[in-house]
Amino acid sequence: MTRARALKQVIRARAAKTGERYTTARRHILRELNQKNIGAQGAQGAQRAKPTMSDASFVKKTGHNLLHWFAVLDKFGAVAKGHTAAARHLYEDHKVDGWYAQGITVSYERARGVRAMNQRCDGAFEVSASKVVTASSKQLVKAFRDARERERWIGDADPKIAAALAKGLADKKSSGVVVRPDGLVRFRYKWDDTTVQFYLAPKAGGKFIVTVTHMKLANADAVETYRSQWRTVLAALAEYFRA
């Protein structure tokens, strides 16, 4: 069961017991969780949960470390108000750059126990893997689109991933392979209840960085499983062009 689903069950149980509206019960439950997490973690919260970037980076870009911003978000009641309101509070009321407002908010949610690693604010999980490949845009597009060529390099990958990739590329409902004028290549497709998205970004020296993001995963166990499998896929692609 995901953390988000478990939280919903607790909220519904309180609403059924007290007769409160769902939103009222949710506010009380999140306030209680916030108070428990603050008491249990205190000033160590930022150190026990992995932040999105180093504390030094936050100090350099915002003038304060994470402990300062965690205190700001605690005072704001960020756990109860949610991710969007918290990030907006930092951006609008404390003039934190949007990118860093998001990073601080995600780090805060991890430290307060309302977001796990690789978990989005909607409760779903996702994982990304990337690899630098020496090839042209034309070569890479062909390596994915051409079934025979794709079979030559993807052979060592999990058969389910290979089959899903082939199906996604052929599916008329997918976005298909799109090559932008700036050389960026992207395509996106559905795989059962998940979504896979590829970005192929050009680099200097006739290279591309190939990034795959697997979204809407059910839990943290799936993150580690697919991280390993996608790394195998990308390593095979890079090796194919080195041969």
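The values are calculated or read from the model by the stated rules, or taken from the named source; none is laboratory data. These figures come from a predicted structure and were not determined experimentally. Note that each Cβ is placed from the backbone with ideal geometry, even for glycine, and that neighbours are counted across all protein chains shown.
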Residue satisfying all of: in the stretch 112-143; at pLDDT 80 or above and out of contact with any strand residue (DSSP E or B) (no Cβ under 7 Å at 6 or more places or on another chain); farthest from Ala236 (Cα to Cα) among these: Lys138
Is it the case, given these coordinates, that Ala135 is among the aliphatic types (A, V, I, L, M), touching a Phe, Trp or Tyr at 6+ places or on another chain (Cβ under 7 Å) and in contact (Cβ under 8 Å) with a residue 24 or more places away in the chain? yes
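Please determine whether any residue of the stretch 51-66 is more than 22 Å from His94 (Cα to Cα), of a type outside the set (Phe, Trp, Tyr) and either part of a helix (DSSP H, G or I) or at pLDDT below 80 (or both).
no
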The residue from Arg26, Arg14 that alone is under 28 Å from Ala218 (Cα atoms), at pLDDT below 80 and of a type outside the set (A, V, I, L, M, F, W, C) is Arg26
Of the numbered conditions (1) surrounded by fewer than 17 Cβ atoms within 10 Å (Cβ to Cβ); (2) farther than 14 Å from Leu165 by Cα, Asp192 fails exactly one; give the number of that condition. (2)
Return the residues of the stretch 162-176 that are modelled with pLDDT under 85 and either surrounded by 15 or more Cβ atoms within 10 Å (Cβ to Cβ) or of a type in the set (Asp, Glu) (or both); say none if nothing qualifies. Asp171, Ser174, Gly176
